[in-house]
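First up is the structure itself, then whatever we jot down about it.
The values are calculated or read from the model by the stated rules, or taken from the named source; none is laboratory data. All of these numbers come straight from a predicted model, not from anything done at the bench. Note that we place each Cβ from the backbone using ideal geometry, even for glycine, and neighbour counts take in every protein chain shown. The area values use the complete protein model at the heavy-atom level, side chains included, leaving out ligands, DNA and RNA. Shrake-Rupley method; radii C 1.70, N 1.55, O 1.52, S 1.80 Å.
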Amino acid sequence: MGLMPAYRNSAQIDMTHGSVLGRAALFALPICAGNILQLLYSTVDTLVIGNFCDTTALASVATSSQPLEILLCVFVGIGSGISILVSQAVGRGDRDQLQKLVRTSVWLLFAASLPLTVIGLLLGPWMLRLMQVPADAMPGAVLYLRITMLGILGNMGYNFNAGLLRGLGNSSSSLQLLFISCAANIVLDLVLTGALGLGIGGVAAATAIALFLSWICSIFYIRRCTELALPVLPRGFDAGTLRQIVRIGLPLGLNSALYSIGHVFLQALYNLQGSVFVAGCSVAGKVGGLANITVTSLSQATSVFAGQNLGAQDYRRLRKGGWMIPAASGLLSLAGGLLMAACCRPLLLLFTQDEAVLTFAVRYIRIVLPFQWCYAAFNAIMSFANGMGEIRYATIVNIILLWGVRIPSSYLLAWLGYGGYAMAGVPLSFVAGLLAMLFYYKSHAWADIRAHAEAQESAK
């Protein structure tokens, strides 16, 4: 059981042996560094716009990302599904299934990304109008959206390939590939916007080019450094494998889509508060993302941990890691959130000197970040359930916390005349999500894990 020798190298981590937290941390650290790079990736855009353009341009970039996220999120979820299926195949030692997953994922990439680019170019401006983007920010938002839409193939290609590597237990190579992309984005940002004065168009072009670069580099890496025969262009697919990918990945993607659509409703509410409020929340999101790094890192580690150990049928290890990793994620996020809330203003000054924007940014961070640990804990529990192939419960909880808590509470605050505090709906949803996901430990799925673990202990 465990990782197959032919696919194991120094970059790949066997999550079926050794210390649970130690292996999870070893896997999560490169992802954590990658999340810092991704945050830097988007932060540089904000820094360049904030320093070389005006507040309206900053609001344009902040409001233009949601339509792209909605169009991509279904396929990002499918990429996560690929990662889960790869980790399960690795745990079983099934090389044939691994190769089918690789071939089918490439076919799916091209089948989805090219039509999606056309749809995005046509519907993107309409979605921005639906979001009630402020009139002064609309031209820049449309320009940014249309240019970044041209990078969809590179965006999806990199995410699919990174999912393959994570499923193999290799998180460090994705970091190296992301570093190349991030460095290219920073250089292009400074050249196109800072030196050539192309403004929002320069930032958008830098992002699209860097996404393609990361995808191309990931293809070369997988073909040269693993035994996976990754085709550059589609060469057909396996129907059974495609059904598996869709069965696992589509619910994850639809969950993300519903989440992104919900954020469009929230962004519309934020937009009604004006460009200064939008710019403040955008800047706060960049700084607050630093406290969120451990959340996504350990969540991805939890999913791969669950998948590999399910494939290896080690239920004792599943029982141990199923509560230990979420607890560690919550504690780390609590420390990071409190630190950021206390020291946020000097960081925010890097992005803007506008006192009105700073006021909203500080307010956002001090309201949201002290409750970030709730999100970290419940997201890790969700990722564990997803790695086990149990998608439904986590999907229902995500829908409830967004559509039943976050959106209604934010709009209620605005209706009561406290629109400047609409971000308070975010921590309320974090608390609700944690309470809901704790019931996973009372579910039949968790009871089955415990029963199998006890049986394995008795058999020893």
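Gain in length, Leu29 to Glu69, computed as 0.36 nm per residue apart minus the alpha-carbon separation, to one decimal in nm?
Computed gain between Leu29 and Glu69 is 11.8 nm.
For the chain, what is the mean residue ellipticity at 222 nm derived from helices alone (per DSSP H run of n ≥ 4: -39500 (n - 2.57); sum divided by total residues; nearest 500 deg cm²/dmol)?
Taking each H run of at least 4 residues, the total per residue is -27000 deg cm²/dmol.
What is the local net charge at Ala301, summed over the other residues whose Cβ is closer than 15 Å to its Cβ (Lys, Arg +1; Asp, Glu -1)?
For residues surrounding Ala301, the net value is +3.
With all protein chains present, calculate the accessible area of His17 using a 1.4 Å probe and round the result to the nearest 10 Å².
Accessible surface of His17 is approximately 100 Å².
Straight-line reach from Lys442: which aspartates and glutamates have a Cα under 17 Å away, not including same-chain ones fewer than 8 places off?
Glu390, Glu454
Sticking to Cα atoms, compute the Rg of region 94-234 to one decimal and its Dmax as the biggest Cα-Cα distance, whole number, in Å.
Cα-based Rg and Dmax for region 94-234 come out at 17.3, 55 Å.
For the chain, take the longest principal axis of its alpha carbons; what is the angle in degrees between that and the long axis of helix 355-368, to the nearest 10 within 0 to 90?
Helix 355-368 sits roughly 30 degrees off the main axis of the chain.
Out of region 354-460, which chymotrypsin sites (Phe, Trp or Tyr not before Pro) are coil in DSSP terms and have no more than 14 other C-beta atoms within 10 Å?
Passing both the DSSP loop test and the Cβ count: Tyr418.
Quick one: what Rg and Dmax do you get for region 70-173 from the alpha carbons, in Å?
Cα-based Rg and Dmax for region 70-173 come out at 17.0, 56 Å.
Ranking request for peptides 272-281, 187-196: highest mean number of other beta-carbon atoms within 10 Å first, then the rest in descending order.
Most protected by this proxy first, the peptides run 272-281, 187-196.
Taking 7 Å along the Cα-to-C-beta vector as the label spot, tell me the Gln313-Asp96 distance in nanometres, rounded to one decimal.
If labels sit at Gln313 and Asp96, their model points lie 1.8 nm apart.
Counting only heavy atoms of protein chains, what accessible area per residue, in Å², does the chain have with a probe of 1.4 Å?
Spelled out: the 1.4 Å probe surface of the chain, per residue, equals 39 Å².
So what's the convex hull volume per residue for the Cα atoms of the chain, in Å³?
Convex hull of Cα atoms, per residue: 127 Å³.
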